[in-house]
Every structure is written in C-alpha cells, then in structure tokens.
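Asker: Sharing a structure below in structure tokens format, with a few things to ask.
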Amino acid sequence: MSHTLKLRYFAWVRERIGKPEEDIEVPAGIATVGELMTWLSKRGEEYAYAFENPKVIRAAIDRAHVKPHMPIGAAKEIAFFPPMTGG
Amino acid sequence: MSHTLKLRYFAWVRERIGKPEEDIEVPAGIATVGELMTWLSKRGEEYAYAFENPKVIRAAIDRAHVKPHMPIGAAKEIAFFPPMTGG
Amino acid sequence: MKTTVRIQHEPFDLAAEVAALTRGRGDAGAVVTFTGICRGEENGTPIAALTLEHYPGMAEEEIESHVAEAASRWPLLGATVIHRVGRIAPGEDIMMVVTVSAHRAAAFEAAEFLMDYLKTRAPFWKQVEKADGKIWVEAKTQDDVAAGRWTASSGKRHAAE
Amino acid sequence: MKTTVRIQHEPFDLAAEVAALTRGRGDAGAVVTFTGICRGEENGTPIAALTLEHYPGMAEEEIESHVAEAASRWPLLGATVIHRVGRIAPGEDIMMVVTVSAHRAAAFEAAEFLMDYLKTRAPFWKQVEKADGKIWVEAKTQDDVAAGRWTASSGKRHAAE
C-alpha cells in the first residue's frame, strides 16, 4: 500500500533539512501528517532539528493547509514550513 | 449693540437666496443662529425658500460647525448650507 | 509627521503623492490610499458631470484639524488629503487620502477615519448634471452612521493592531 | 469582475495597476490600495535587506481563492494582488493590494480582508539580513487575531456600509 510522495520544505524547515524537496515512499503504518512528521524526525539529525518543535510546523497537502491529524490519503505532495510571514 | 456680520451661503442655499454672501447688521433681539435663520426667512421670497425647512440647514460660526441654539456672540462670519456631501 | 492638505481644481497624481510621503524614509511599512472617482451614473440615471463646491478657508482648516486628530489617534508617519472642486467628468478622480504608518492597522484606520469625516462633515457639496438638469446630491444617512463609529471611544474598532 | 494575482521578483507600479482596474469604466467610485514597504529596521536593529520566499503554485492558488472570496462577500468591481519575492532592500515595495467598488466601505473592507489573509495564511516567509546574520521573521499573534475577525460572521464589521 506504499505510495510515492513528494515532500517540500520552506524557509527554516528547508534550511535545517538542507534540501527544498524530495520524493519518499510512505512507510506502512504512517496514516496522518503528524505521524509523517514524527517518522521524518527520526531520519537523521537535520530532520530531528527541523521537527524538534512539531507544534510550530505548518503543513499542506496538495497545496491546501491541513492540521497534523489529517490523513495522508492519496496525497501527491506534502509541504512543511514555519508559520507564514507574508504581506 | 448691533454689529456687522458677514453671511455666506453655499450650494442650494446660495442658489435659492441668489447670492454667495452679504453683510448685515444683526438686529436687536436676535441672539442665536436659529433666531437669525427665522429672521432671514422673513426678508423675502428667496430667503423664505432657502430656509423653508430650517431643520436641514447647517450653520457655521467663524468656520466652525454650530447648532441652531448657539449664540451669535461676537461672530464675524456665519455660513448657512445644506448637509455636506464631499468625499 | 509630514502632512499635506490641498483643495484644487486640477487633477492630482496619486503615485507622486505616495512617493512624497514615503521616499527616503526607512520607517514606513504600510501605505493606504483611498481615491474617490466620479461615477457615470447616479440612482440608475447617467450623469454628465459633477460640480464640487466648498467653503474656502473652513474646508482647509477643518481637514487639517482632522488630519491632526488622526495623527494623535494613530502612529502615523504621514498623511495627505487632496480634494478637487469645480466640474469633474465621469471617470475622473474627485479626491484622495494617503496614510503612512509602520504597520497596516494604523494606516487603514486613519484612512477610514478621514474618509468618514470627509463624507459627512467637511464643507463640500456635490451637484450632478443630468440630461434633465442639475440636482444637488443628498447626504446619506449611512455616511453619518459610519462617521459615528469614531466618537464612541478611542477610535480603535478592533482588538488587534 | 477583473482580478489579477501576480508573484514576481520585479518591482510593481501602483498607479499602473490602479489604472488597469479603473480606466474606461463608469461604475467605479472607490479605490483602496495598500502597499507594504520594507522598513529599514526590525526591533530596533538596522536591516540590510529582506528575502521573501514563497510556495510556488500554492501561493497563487490561495491568493486567487481569497480574492474570489472577497468578491463574494463585497460588491467588488476589481481586485489586484501583487506580492514580490526574492531580495528586497529597505524602502522598496514588498506587496500591494488594490480593491475597486462603487462605494468606499466595500473597497476598504475587502482590502483589509485580503491583507489579513496575506499576513497570516498565504505561504510566504520573510528572512531579514542584519549585520550579524540572517534571521527568519517570526509570525505575530496580533496578525492572527486580525485575521480571525473575518470568520465570526459575514465579514461585515460595521453596522454602516
């Protein structure tokens, strides 16, 4: 049931992880955006640093803002970023 | 105790009276702006027409908005005009 | 704070007025402008033009005192009000307000405060020319209601700045 | 209704954007613009520049959907949002919003609605360059409070229009 997902990172999430995007295979047992963040944070120091305070990280599934409890479902692209500071 | 007063008229008050301004001697017994309006309205048809509905007429003493009960005092200039429609 | 109040027959240049308030300063973060334009119809009837009349002297003094009041209520860095008088054709600008502040809330609120004043208390009168003659525009009750919102307390309508 | 949403590195021309929305139409009576400018300091420390990053695709789509929402809430005749990205020096414009309506209340409210959205939910991030390095700007709680005022009911804050 695994599927390929594009991950995108912005602002200091991107800087901490060290890349703007990557493709991953969603591992079995990872159902929500929050679970994906937890899983990512265990992939290495840079991920642990980026996700050290998961409460401040915002996420979007296929370019729509979502909360961490949102199921990943058939998402093609999930983005992680800090609170927005545009305008 | 009479004193010379410049009266100024704007918009349809000016059109109805037929002049933009005039100097008058304030008659004895006229103490407030409202009394002045009543007195003016008896000066002729054009004044009666201009002040036929005194409730809609606004006034200013020496370039400051005033209510009809305001004493004329030592005013140099009193203006009468319809509600403002700028902007 | 830099303020400008002008009443003039000539058209104005919004971009030039904004530049005059913001150029060369590093503290301006937010600029709000309002431009009032002569519409081509009124109550469904086409109009040929507007004619704006004002009370010379009183209009300038009153606008200046309201700009000063806006500056005392909000942390403004600059404000400009220009109001045209005379004959104005549909599509032409009638008046403009520019407010400059470090942050947006002050700039928006001060611009709305000045507009509510200009619509209800500034000594200007509009006459519209239609095919069947000229009529003086009647004041709108809703403008008085809008202006009234600034007198209740400190002029801050929102919890947020 | 004419709407334009652009995200670009280049500076923009406020007057040209206003003209593009208003020229040749007789129904526009009120134009509100907001311009956000890069300030020369942040929390008392001078800054050398801002760098703006965005989520390409999502930013455009989201702004367009908020412009559409503004048009459904207020009787707008036109709206333009332009947001720059990349490196921006103090004194340069960062972004602008223009709203056009027959009357001022709709133009003001729609512009504030769009600004509150852009400040809190649009996927843009600001980094400031100071003498001692680069720091990402932190989001302001007061911006979230301001944005929240539009969700309670119909988006009308005032009794008056």
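Taken together, the values in this text are just the output of simple stated rules run on the coordinates, not laboratory data. Predicted model only: the values in this text are computed from it and were never measured. Don't worry about glycine lacking a Cβ; one is built from the backbone with ideal geometry, like all the others, and counts go over all protein chains shown.
Asker: With label points built 7 Å along Cα→Cβ from the Cα atoms of residue D:49 and residue C:25, find their separation and express it in nm.
Answerer: Between residue D:49 and residue C:25, the simple spin-label model gives 2.6 nm.
Asker: Please check: in the Gaussian network model of chain C (C-alpha springs, under 10 Å), which one of C:93, C:116, C:27 has the largest mean-square fluctuation.
Answerer: Looking only at C:93, C:116, C:27, the largest GNM fluctuation is found for C:27.
Asker: If I model a spin label at residue A:28 and residue B:31 as a point 7 Å from the Cα along the Cα→Cβ vector, what separation in nanometres do I get?
Answerer: Placing both labels 7 Å along Cα→Cβ, they lie 10.0 nm apart.
Asker: Pairs of Cα atoms under 8 Å, at least six residues apart: use those to get the relative contact order of segment D:59-118, whole percent.
Answerer: Contact order relative to length: 36 percent.
Asker: Now a separate question. Relative contact order, percent, of chain A when contacts are C-alpha pairs under 8 Å separated by at least 6 residues?
Answerer: With pairs under 8 Å counted, the relative contact order is 36 percent.
Asker: Just from its helices, what would the mean residue ellipticity at 222 nm be for the protein assembly as shown, if runs of 4 or more DSSP H residues each count -39500 (n - 2.57) and the sum is divided by every residue, rounded to the nearest 500 deg cm²/dmol?
Answerer: Dividing the helical sum by the residues of the protein assembly as shown leaves -8500 deg cm²/dmol.
Asker: Additional query: Quick one: angle between helix C:58-73 and the longest Cα principal axis of chain C, in degrees between 0 and 90, rounded to 10, please.
Answerer: Approximately 30 degrees, to the nearest 10.
Asker: Turning to a different aspect of this structure: Along Cα→Cβ at 7 Å, what distances in nm separate the residue C:48 label point from those on the other copies, shortest first?
Answerer: Its label point is 6.4 nm from the equivalent points in the other copies.
Asker: Also, I was wondering about something else. Tally Lys/Arg at +1 and Asp/Glu at -1 over every other residue whose Cβ is under 13 Å from the Cβ of residue B:83; what's the total?
Answerer: Result for the neighbourhood of residue B:83: +3.
Asker: Using 7 Å Cα-to-Cβ label points, what is the residue C:4/residue B:19 separation (nm, one decimal)?
Answerer: 3.9
Asker: Give me C:74, C:150, B:39 sorted ascending by neighbouring Cβ count inside 10 Å, so fewest comes first.
Answerer: So the residues, fewest neighbours to most, are B:39, C:150, C:74.
Asker: Another question about this same structure. Quick one: which residues, 5 or more positions from residue C:94 or on another chain, have an amide H under 5 Å from its amide H? H modelled 1.01 Å from N in the peptide plane, none for Pro or chain starts.
Answerer: Residues meeting the amide H criterion: C:36, C:37, C:38.
Asker: Another question, then. Where Lys and Arg each count +1 and Asp and Glu each count -1, what net charge lies around residue B:34 among other residues with Cβ under 14 Å from its Cβ?
Answerer: +3
Asker: A further question follows. Just to check I understand the Karplus step: with θ = phi - 60° and J = 6.51 cos²θ - 1.76 cosθ + 1.60, what whole-Hz values come out for segment A:49-59, glycine and proline as x?
Answerer: The phi angles translate into 5, 4, 9, 4, 10, x, 5, 8, 7, 9, 9 Hz.
Asker: Can you give the mean number of other chain Cβ atoms that lie within 10 Å of the Cβ atoms in peptide C:112-122?
Answerer: Average neighbour count from other chains, rounded to a whole number: 4.
Asker: What residues have an amide H closer than 5 Å to that of residue C:29, excluding those fewer than 5 places away on the same chain, when H is modeled at 1.01 Å from N in the peptide plane?
Answerer: Under 5 Å from the amide H of residue C:29 lie the amide H atoms of C:101, C:102, C:103, each far enough along the sequence or on another chain.
Asker: Once phi is turned into ³J(HN,Hα) by the Karplus curve 6.51 cos²θ - 1.76 cosθ + 1.60 with θ = phi - 60°, what whole-Hz value does each residue of segment A:70-87 show in order, with x for glycine and proline?
Answerer: 5, x, 5, x, 9, 3, 9, 9, 10, 10, 10, 7, x, x, 6, 9, x, x
Asker: Now for a different question. If you average the sequence gap of Cα pairs under 8 Å that are 6 or more apart and divide by the length of chain C, what percent do you get for the contact order? Present the calculation step by step, with values, prior to reporting the outcome.
Answerer: Numbers: 286 pairs, mean separation 49.4, N = 161.
Worked out over chain C, it gives 31 percent.
Asker: Right, next: In the protein assembly as shown, with Lys and Arg counted as +1 and Asp and Glu as -1 at Cβ, which of these residues, A:81, C:65, C:150, has the Cα nearest the positive end of the dipole, that is, farthest along it?
Answerer: Going by the charge dipole, the pick is C:150.
Asker: Please list, by residue number, every one of the trypsin sites (Lys or Arg not before Pro) in segment C:1-81 that is coil in DSSP and has at most 14 other beta-carbon atoms within 10 Å.
Answerer: C:23
Asker: Now, a different point. Out of segment B:24-66, which trypsin sites (Lys or Arg not before Pro) are coil in DSSP terms and have no more than 10 other C-beta atoms within 10 Å?
Answerer: Listed in order of number, the matching sites are B:42.
Asker: Separate question: Would you kindly work out, in nm and rounded to one decimal, the distances from the label point of residue B:68 to those of the same position in each other copy, ordered shortest first, with label points 7 Å along Cα-to-Cβ?
Answerer: Computed spacing set for this position: 6.9 nm.
Asker: A follow-up question, please. Net charge around residue B:20, counting only other residues with Cβ within less than 14 Å of its Cβ (Lys, Arg = +1; Asp, Glu = -1)?
Answerer: -2
Asker: Sticking with this one: For the rotation taking A to B, I'd like to know which residue in chain A has the C-beta closest to the axis, plus that distance in Å.
Answerer: Residue plus distance in Å, as requested: A:87, 14.
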